[in-house]
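Below is one structure, written out as structure tokens, with a few remarks after it.
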């Protein structure tokens with residue numbers, strides 16, 4: 001995560017390779033690999049500005065067991081960059097592969113909760129989503145209640 005949150009112009013990381021956004025994920029053991037794949041879309045989007053659909057498509061290139069982590073990360077990063085346009089983010093998630101939609105929506109909601117520091121805005125967001133995405137959204141909100149002592 002720290003690798004992806006630095007300014008690569010000022011603080012070059014030896015752990016990233018331009019043109020290889022999945023590096024060093026493929027070389028990680030399974031536990032850190034999941035986290036690496038979660039943050040890899042941040043790297044992809046830093047190299048491919050605003051190509052959110054491309055980030056989801058690119059996630060198909062990772063190992064099957066880590067595709068959902070990548071889609072979750074793509075949803076979160078897309079929401080981070082478009083926090084005032086949740087319907088846009090939802091449409092990008094909905095255009096992904098069928099197995100990516102749920103994790104992408106979950107990432108979108110997780111970021112929304114983090115951004116607002118509260119569950120209530122996310123609950124309201126869930127009610128604005130397409131019916132097909134509402135349950136995933138509400139499930140994501142409920143899975144975050146422990147963070148707020150609820």
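The values are calculated or read from the model by the stated rules, or taken from the named source; none is laboratory data. Only a predicted model underlies this, so the values are computations on that prediction, with no experimental measurement involved. A quick note on method: Cβ atoms are made from the backbone with ideal geometry, for glycine too, and the neighbour counts reach across all protein chains shown.
Based on what the data block shows, is residue 15 at pLDDT below 95 and in contact with a strand residue (DSSP E or B) (Cβ under 7 Å, 6 or more places away or on another chain)?
no
Residues of the range 62-78 that are in a helix (DSSP H, G or I) and over 15 Å from residue 39 (Cβ atoms): 64, 65. Screening residue 115 on (1) outside any helix (DSSP H, G or I); (2) surrounded by fewer than 22 Cβ atoms within 10 Å (Cβ to Cβ) shows it passes everything except condition (1). Just to be sure before I move on: is residue 61 surrounded by fewer than 14 Cβ atoms within 10 Å (Cβ to Cβ) and either closer than 21 Å to residue 25 by Cα or in contact with a helix residue (DSSP H, G or I) (Cβ under 6 Å, 6 or more places away or on another chain) (or both) in the structure I sent? So residue 61 passes the test.
All of 55, 122, 74 fail the test of being crowded, with 22+ Cβ neighbours inside 10 Å, farther than 20 Å from residue 25 by Cβ and touching a helix residue (DSSP H, G or I) at 6+ places or on another chain (Cβ under 9 Å), apart from 122.
Any residue in the range 79-99 that is at pLDDT below 95 and not in a helix (DSSP H, G or I)? No; the residues of the range 79-99 include none that is at pLDDT below 95 and not in a helix (DSSP H, G or I).
For the range 99-131, filtered to residues that are without any contact (Cβ under 8 Å) to a residue 12 or more places away in the chain and over 16 Å from the mean Cα position of the chain (by Cα), the residue that is nearest to residue 54 (Cα to Cα) is 131.
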